[in-house]
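Notes to accompany the following structure.
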Amino acid sequence: MIIFGPSAVGKMSVGEALAKITGMKLYHNHISIEAVRPIFDFGTPSFNKLVTLFRMETMKEVVKSDLNGLIFTFVWALDSSSDVEYVNRIANIFESEGKEVFYVELEASLETRLVRNTHEKRLLEKPSKRDTDTSERILYAERKYQLNTKPGEFDRANYLKINNEHLSPENVAEQIKVFFKW
């Protein structure tokens, strides 16, 4: 499963709640980011190479394992061909082994996400977000990329979009479980 949406929309929190009720493992995108960031600056070629390598190799091992599934979170710039290719590579790892890929898109207002960006748990789990400029990065990404789909735009199977502005992560996780009949 890929949970995607803009920064601070609640992907990790929803992923944690979903992992609790499904038995799937959560691999939020900052697990690999935080492993590489102390060595290479964010966005440098070496950083990008290692983060991608960690993620892809982890997913290759997951698909060969007896795990109940994997929840991966990702800020997907939907208008970026490289991000589309990245998601296709991830999906192919699972689909080439006969596994289904599920897509959950989360959306919430920018105002809500700027508040969520400062939550203690987020800062604890994601040290790189402790930088006081992270809200500025959210605003930059908001202006530069399309981070949520428009109605009818997403054409992959196994897809659910949820506005989680006023919902708890547990409520969203339950909606996902019911929708996909798990």
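The lone criterion from (1) of a type in the set (A, V, I, L, M); (2) within 23 Å of residue 21 (Cα to Cα); (3) surrounded by fewer than 18 Cβ atoms within 10 Å (Cβ to Cβ) left unmet by residue 101 is number (3). If you go through the stretch 26-55 and keep only what is among the aliphatic types (A, V, I, L, M) and over 25 Å from residue 16 (Cα atoms), you end up with just 39. Cβ-Cβ contacts under 7 Å between residues 6 or more apart (or on different chains), taken from a first residue in the stretch 30-54 that is over 17 Å from residue 82 (Cα atoms) to a second residue that is at pLDDT 95 or above and β-branched (Val, Ile, Thr), are listed as 32/51; 33/51; 36/51. Would you check if residue 123 is of a type in the set (A, V, I, L, M) and at pLDDT below 95? The answer is yes for residue 123. Pairing residues of the stretch 159-177 that are within 15 Å of residue 21 (Cβ to Cβ) with residues that are modelled with pLDDT of 95 or more and surrounded by fewer than 19 Cβ atoms within 10 Å (Cβ to Cβ), at Cβ distances under 6 Å and at least 6 apart in sequence or on separate chains, gives 173/21; 177/21.
In the stretch 8-38, the qualifying residues are those that are touching a helix residue (DSSP H, G or I) at 6+ places or on another chain (Cβ under 6 Å) and among the hydroxyl-bearing types (Ser, Thr, Tyr), and the one that is surrounded by the most Cβ atoms within 10 Å (Cβ to Cβ) is 13. Within the stretch 87-108, residues that are in a helix (DSSP H, G or I) reach partners that are of a type in the set (Asp, Glu) with beta carbons closer than 9 Å, at six or more positions or on different chains, in the pairs 94/100.
Of all residues in the stretch 158-175, how many are within 19 Å of residue 76 (Cα to Cα) and either surrounded by 14 or more Cβ atoms within 10 Å (Cβ to Cβ) or at pLDDT below 95 (or both)? The number of residues fulfilling the criteria is 7.
The values are calculated or read from the model by the stated rules, or taken from the named source; none is laboratory data. Predicted model, so just to flag it, every value in this text is computed and none were measured. Here Cβ is always computed from backbone atoms with ideal geometry, including for glycine, and neighbour counts include all displayed protein chains.
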